[in-house]
Amino acid sequence: MSNEPGGATAAQPDPPETVDPSPAGATDTGRPTPAPGTLPLALLAAGWLAAMLWSTREAISSATAGVTAVSLSAFALPGVISAALVAGAAVGLAASEPVSRRGDRTTLRFAVAVGTGLLVGLLAALAIDLSYAGDTTTRTIAGTTAAAAVIGGALAGARNGAVVGAVAYAALVTLLFVVAFSVVRDPLFDLFGAGDSQQSLVNAASWVSRTESLLAGLIAGALAFGYLTWARRRAARSGTGAELRWPAYLVAGAGPGLLLLLTEVIIRVGGRSLIDLAAALSEADAVAQTSLGTSRVDNAIWVLFVGALTAMVTFGRTLASPPADDEVPEPDEAGADEASTGTAGR
């Protein structure tokens with residue numbers, strides 16, 4: 001009776017194997033996953049900030065009148081602020097990552113990241129003061145740029161450096177893409193039916209902006225996923241770093257859009273005087289500044305949601321499929337032999 005099927009000591013089928021829905025090779029050591037490639041990222045971000053400062057100086061210097069210089073400064077401010085924000089985050093991450101590798105030193109890591117962001121901001125502000133005309137416009141650009149770099153450094157002080165690295169890397173490439181996209185704007189205007197009427201120009205501009213935002217979001221999400229996958233595989237080979245779950249991919253994909261929104265907040269707070277001064281030049285300038293501000297916010301929201309969706313969908317395709325609930329596991333051969341022997345002996 002002891003070996004009868006259904007008895008207390010009857011052979012039981014082996015329990016089904018548990019399928020881990022996380023990507024293969026993930027580790028879980030309790031420590032955050034290190035961010036790879038922080039030094040090249042910091043150099044690229046600092047170089048991009050220097051390029052934006054130089055191009056802004058050239059544009060302002062080429063202006064023939066002070067009124068034109070104010071208008072050009074207002075137009076160039078978003079590019080400088082976004083570059084300073086990414087540079088502060090990238091350089092701060094490169095400086096703070098070695099601190100976290102020696103142990104869980106969250107406070108020291110944050111202090112180093114903020115201090116590095118402050119140093120980047122001060123150097124950028126000094127370069128602006130020395131190379132730009134010394135007036136109210138220059139001081140506004142310098143102060144806002146320094147503040148953006150400090151905020152970027154504070155973001156780099158977050159505990160999960162891999163996510164910060166993914167956001168900074170994707171944001172930097174997104175900014176480069178926006179500049180490169182200007183080459184195809186005119187052909188796209190013609191493609192979307194821009195004509196002689198004002199309404200056709202507005203409609204074409206709207207479609208061009210949506211196309212740019214959609215492509216930027218796809219690029220941001222794909223690059224964020226790629227960076228986190230790289231970080232996870234390096235951590236798996238070295239046996240360091242905690243397993244990266246889906247929230248990390250969600251935040252990394254949405255991060256470039258969030259940085260663009262944060263850029264707009266910094267502009268409207270720190271650069272308000274410059275924007276108001278440019279808008280007061282004429283009615284056309286006022287309309288242009290309002291339109292550009294709305295367009296930047298719309299672009300940031302598109303990049304945020306498309307980037308987050310792209311990163312999540314790409315991450316979801318790497319997960320292993322769980323077993324079906326209605327599958328009943330077959331007993332192993334030993335269990336089957338014992339059950340048949342018990343039945344024959346009865």
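R0 = 30 Å: FRET efficiency of V265 with N203, Cβ-based, nearest 0.05? Let's see the in-between values first.
Numbers: r = 29 Å, r/R0 = 0.98.
The computed FRET efficiency comes out at 0.55.
Under the √(5λ) rule applied to the eigenvalues of the Cα gyration tensor, what semi-axes describe the equivalent ellipsoid of region 204-304? Give them in Å, descending.
Numbers: eigenvalues 278, 51, 13 Å².
So the equivalent ellipsoid measures 37, 16, 8 Å along its semi-axes.
In nm, give the distance between the simple-model label positions of T136 and R159, each being 7 Å from the Cα along the Cα-to-Cβ direction.
Result: 4.6 nm between the two label points.
Using a simple spin-label model with points 7 Å from Cα along the Cα→Cβ vector, what separation in nm is obtained for S61 and V297?
Simple spin-label model gives 3.6 nm for this pair.
If R₀ is 35 angstrom, what is the calculated FRET efficiency for the pair D276 and F305, using the beta carbon separation as r and rounding to 0.05?
Numbers: r = 30 Å, r/R0 = 0.87.
Computed FRET efficiency for D276 and F305 comes out at 0.70.
Tell me, what does the Kirkwood hydrodynamic radius of region 38-318 come to in angstroms if you use every pair of distinct C-alpha atoms? Can you show the working numbers first?
On the way: mean 1/r = 0.0512 Å⁻¹.
Across region 38-318, the inverse of the average 1/r is 19.5 Å.
Per 0.36 nm of contour for each residue apart, how much would the distance between R317 and A286 grow if the chain were fully extended, relative to their Cα-Cα spacing?
Values: separation 31, 0.36 × 31 = 11.16 nm, distance 4.70 nm.
Answer, rounded to one decimal: 6.5 nm.
Give me the log10 of I(q) over I(0) for region 133-240 at q = 0.12, 0.14, 0.24 Å⁻¹, as the Debye formula computes it from C-alpha points; what are the numbers?
-0.68, -0.82, -1.15
Between L123 and T106, what length in nm is gained on full extension when 0.36 nm per residue of separation is reduced by their alpha carbon distance? Walk me through the intermediate numbers first.
On the way: separation 17, 0.36 × 17 = 6.12 nm, distance 2.59 nm.
Taking L123 through T106 to full extension adds about 3.5 nm, to one decimal.
Values quoted throughout were computed directly from the atomic coordinates according to the rules given, and no laboratory measurement underlies them. Please read these numbers as outputs of a predicted model, since none were measured by experiment. Note that each Cβ is placed from the backbone with ideal geometry, even for glycine, and that neighbours are counted across all protein chains shown.
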